[in-house]
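The next block holds one structure in the form of structure tokens; read it before the comments.
The values are calculated or read from the model by the stated rules, or taken from the named source; none is laboratory data. All of these numbers come straight from a predicted model, not from anything done at the bench. Here Cβ is always computed from backbone atoms with ideal geometry, including for glycine, and neighbour counts include all displayed protein chains. When the accessible area is computed, the model is the full protein with side chains, heavy atoms only, and any ligands, DNA or RNA have been set aside. Shrake-Rupley method; radii C 1.70, N 1.55, O 1.52, S 1.80 Å.
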Amino acid sequence: MLRLAAFRRLALDPPLFWKLTVPMTVVVALSTLGSLTSLRAAQRTEALFERLSRSHRRDDRAISEVSASHLRHYLALSRLLQLSDPRTASQAAEALNRREEERRAAVRLLLRRLRRAPGAIEVALAHGPIGGGARPAQELALQHERYTAIASAALALLDRGDRLGATTLTEHQLRPVLAEMTEFTTALGAREAEGSRLLRESAQRHQRFDRWLTLALHAVGAVLALLISLLVARVLARRMQLLVECAAALGQGDLGARARLNTRDEFGALAQRLNAMARRLTRLFGAINSQHTALRESEQRLQAILENSTAAISLKDRAGRYLLLNQRYADLIGLPPGDVVGKTDDAFFAPEIASALAVHDRAVLEGGAPLSVDEVYACGDDAAVFLVLKFALKDAEGQPYAVCSMASDITARKEVERLKGEFVAVVSHELRTPLTAIRGALGLLEGGVVGPLPPKARELTTLARQNTERLVRLINDILDLEKLEAGKVRLDARPVTVAQLVARTVGPLAPLAHEAEIAIDTGAIDGELELTADSDRLIQVLTNLLGNAIKFSPRGTTITIAARPLDHHRLRLSVTDQGAGISADQQGLLFRKFQQLDGSAARRQGGTGLGLAIARAIVEQHGGRIGVESAPGQGTTFFFELPREQQAYEI
Ligand code: ADP
């Protein structure tokens, strides 16, 4: 059933190749067949006429022969009748009889041939009457018999010696028969010639007809081929035109255009594909349009944020060239945004500021983590301090390709902080001297310099000394931090190995750890690992981290100090404990001033809440960053990352 349908489809609307080939083949085959047929017919007619013409010539010769032999016989008979010598007459009669035999044989042969096959005469008669009507063979036979009978009778009379009777018979009867026969053979010859002529003409007519037939067949074939070609070309051109129009409309963006062609050939298939493609394009363009709208809206939103933000926002590529900046940032530089894009900081800032900005950008690009730093932007005489959040934009492979900076002007806040710091420093400094004196006096009292104290008084003295010591520590920390923040601390950067730093940190804290029954593991540190830094300051950082770890670790646990290079330029040190850990929401508060996390454990330890803030200030002054990784119940790791070459990063 399926096959029948497929066959019907193929027959009704065959593929293009068959559509073109089959009609042409039929026309050419017909035309060739016609030519061959007419050629063969012409050849056959020609051969037939040739054969008949040969037969005619033979018949003609034979008829002349018979006629001549009768004449010869008659002349011989006449001469015989004139001979007077009986002996000579008898010899002549013998000779005549002999010739008579030959003549009869010739006549018989001719008659036989005439009867056996139709000669030129019959064919000519069949093609048209040429006079007479009796069959020539019968005529000839009858005349011959009459001649033979009269001649025999004349000879018989001569034999009986009736010369007069024989002569009379010959003269009055045989001679008219001979004349009749001669007339008949002449007429026969003429008929043969006429027949031959007619035959030739007929052959010529046939040949002409065949030629015209051949020509006509070829002409019909050619016209037919031309008509079919025109028809097929017209149909194909129309279909092609439809497809071209549809493709052109699609090309001009008219996605509703469709090729209305339902044929089952290649054009139909092409139209279907074209329509399917148009439908897909419509869907695709719809999706692209809505994406484009969404993108435009999102871009407008971003643009609004950029333009209305109080932060100065910029985007720089890996080479430090500005890709984008908002008006606030452009105001900072003092140029329109268009004049800034494509240039680097060297074009706008003093070399030391440009290189400081470059150091921070590079730290973000290489480290991958966001950075929050204070940066000074000074153009001309104006200088402003900004708190800048820097983060890297990454491509699909996760490779950073640009640095985004969001800078908030904190010049005023910095000034207030500076004044506050100075005030605190003055107050602290003023407090430190009397407090030191109080601590010394309390120590002496406690040591029994003025005599043994009663237990209650001694207890109170000890408490007072401890609190005074804590107050001194606090004041020292405040003064330290103030100096760091005010940039009054100059780094004394020298090459040092990490192993040395760690040893000088662990040594003083070892008794404390021992007392708390805590082990310190530094085994994994590479002895060769070296960096250029201010050793005393880094030891201060490490001491704070290790001290905190000891404070917040349960007994019997281990603290691990580790160090590893991050890449050629930077390394990372970490202090990991097995303490209670810090929840994620509290981790953000750790590095602020006077932060002590809620929870009895932290408060109980009696710190100042400034240690981590000081550590952060020192690390950042080295061009590094400090951080924490922790989860409740899983211990805590404090780490800091530093550039190995300090000079390059010194601000
Ligand atoms: P303090 O002098 O109080 O230790 P820090 O700035 O050094 O001040 O620490 C701030 C707070 O961070 C601590 O009071 C404590 O709550 C928390 N902290 C610091 N280190 C750890 C640690 N290793 N484990 C748990 N909490 C810690």
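Tabulated results
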{"read-out": "Cα-based helix-to-principal-axis angle, 136-159 vs the chain, degrees rounded to 10", "value": "30"}
{"read-out": "Under Karplus coefficients 6.51, -1.76 and 1.60, residue-wise ³J(HN,Hα) of the stretch 296-308 in Hz, glycine/proline x", "value": "5, 4, 5, 5, 5, 4, 4, 4, 4, 4, 4, 6, 9"}
{"read-out": "For the chain, share of DSSP beta bridges that run antiparallel, in % to the nearest 5", "value": "95"}
{"read-out": "Gain in span if fully extended, Ser78 to Ala193, counting 0.36 nm per residue against the direct Cα distance", "value": "38.2 nm"}
{"read-out": "Nitroxide proxy distance, nm - points 7 Å out along Cα→Cβ at Ala383 and Ala156", "value": "17.8"}
{"read-out": "Projected label distance in nm at Asp526 and Glu46, using a 7 Å step from Cα toward the beta-carbon", "value": "10.8"}
{"read-out": "Sulfur and carbon atoms: percent of accessible area, the stretch 321-429 [1.4 Å]", "value": "59"}
{"read-out": "Part-to-part distance (alpha-carbon centres) for the stretch 375-453 and the stretch 170-239, which is given in Å", "value": "132"}
{"read-out": "For the chain: accessible area per residue (Å², 1.4 Å)", "value": "58"}
{"read-out": "Additional length obtainable on full extension of the chain from Val426 to Asn262, 0.36 nm per residue less Cα span", "value": "49.4 nm"}
{"read-out": "Long-range lysine pairs (8 or more apart or interchain), the chain, Cα under 24 Å", "value": "16"}
{"read-out": "Cut-off 12 Å (backbone N to label point 7 Å along Cα→Cβ of Leu324), residues of the stretch 392-413", "value": "393-394, 402-405"}
{"read-out": "Candidates per trypsin sites (Lys or Arg not before Pro) in the stretch 324-410, loop by DSSP, up to 12 other Cβ within 10 Å", "value": "none"}
{"read-out": "The stretch 145-259, accessible surface, carbon-and-sulfur percent (1.4 angstrom probe)", "value": "64"}
{"read-out": "Amide H within-cut-off set for Asp526, under 5 Å, with H built and near neighbours excluded", "value": "Ala563"}
{"read-out": "Loop sites in the stretch 145-217: trypsin sites (Lys or Arg not before Pro), DSSP, at most 15 other Cβ within 10 Å", "value": "Arg160"}
{"read-out": "Gain in span if fully extended, Val416 to Asp346, counting 0.36 nm per residue against the direct Cα distance", "value": "22.1 nm"}
{"read-out": "Cα-based helix-to-principal-axis angle, 86-116 vs the chain, degrees rounded to 10", "value": "30"}
{"read-out": "Inter-label distance, nm, simple model (7 Å from Cα along the C-beta direction), Asp254/Asp567", "value": "5.7"}
{"read-out": "Rounded to 10°, Cα long-axis angle of helix 411-447 versus longest principal axis of the chain", "value": "40"}
{"read-out": "With every protein chain in place, the stretch 485-593: carbon and sulfur % of accessible area (1.4 Å)", "value": "50"}
